[in-house]
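See structure below.
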Amino acid sequence: MKFLKFTPVLLIFAVVLTSCSSVRVASDYDREADFNKYGTYAFFKPGIDKAEISDLDKKRILRAIETEMEKNGFTKSEDPDLLVSIFTKTNENINIYQNNYPYWGYGWGWNPWYWGSGFNTVNRTSEGTLYIDLIDSEGKELVWQGMGTAALASQVNKKQERINEIVAKIMEKYPPGMER
C-alpha cells in the first residue's frame, strides 16, 4: 500500500528525467535507392557552408557524423558513393508556469498583512533541429534524410556530448528498415 502512495511521485520523476535528454527523430528515404551499394562518403561543402550555425558547432556536428558513419561501416573517400550535408534550425521556447496557490504573508506599506495570489516562473530553452542529408554522389539526388530535434546545451563543455547524442539518435534510423 505504501508503494502506491509513491508511484505518482516516481512516475513524475521518471518523466521529468527522460524529457530533459530526449531527442525526437524522424527519417525519410528514396524507396528506389539501393542502400547496399553505398560504402564511402565525403562531406558536401556547399551544403554545409549554408548551415547557419557557428563554425565551431559545424565542426562538432561533422565530427559526430564522422564517428557514426564509421560505426555504420563507411569510410571517408575522395571518390565517395554518398555526399553528406547538414541543415539546421533553432527555436527559442519560452515557458511560463503560473503558481496560483494563495498565501498570507507579511508585506510593506500601510497594511503590513496582505494576501498574495502566487508567482510566475519563466523558463527559456533553445531547441535545435538538425537535418542530415545523404546524397547519391553519382545522380546528385537525395536518398536519405534524418532529422533530430532536441534542447541544446548552453554550456560549452556539454555541447559536443549533446551533439554526439543527437547525431547518434538520428543515425540509428540509417539504413532504412534496419533501425537499431
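The values are calculated or read from the model by the stated rules, or taken from the named source; none is laboratory data. If you're wondering where the values come from, they're calculated on a predicted model, not measured in any experiment. With ideal geometry, Cβ positions are generated from the backbone for all residues, glycine too; neighbour counts draw on all protein chains shown. When the accessible area is computed, the model is the full protein with side chains, heavy atoms only, and any ligands, DNA or RNA have been set aside. Shrake-Rupley method; radii C 1.70, N 1.55, O 1.52, S 1.80 Å.
Brief remarks on what is shown
- Within this structure, GLU32 fails the test of being open to solvent by 20 Å² or more (accessible area, probe 1.4 Å), over 30 Å from ARG124 (Cβ atoms) and either of a type in the set (S, T, N, Q) or not in a loop (DSSP other than H, G, I, E, B) (or both).
- Screening the range 150-160 for residues that are in contact with a helix residue (DSSP H, G or I) (Cβ under 7 Å, 6 or more places away or on another chain) and either assigned to a helix (DSSP H, G or I) or without any contact (Cβ under 8 Å) to a residue 12 or more places away in the chain (or both) and picking the one that is surrounded by the fewest Cβ atoms within 10 Å (Cβ to Cβ) gives LYS159.
- Single unsatisfied condition, ASP79 versus (1) modelled with pLDDT under 90; (2) of a type in the set (Asp, Glu); (3) surrounded by fewer than 12 Cβ atoms within 10 Å (Cβ to Cβ); (4) over 16 Å from TYR29 (Cα atoms): (1)
- Of all residues in the range 161-180 being in contact (Cβ under 8 Å) with a residue 40 or more places away in the chain and open to solvent by 50 Å² or more (accessible area, probe 1.4 Å), the one that is farthest from ARG63 (Cα to Cα): LYS173
- When residues in the range 44-76 are screened for being over 17 Å from LYS89 (Cα atoms) and either of a type in the set (D, E, K, R) or open to solvent by 30 Å² or more (accessible area, probe 1.4 Å) (or both), 13 of them pass.
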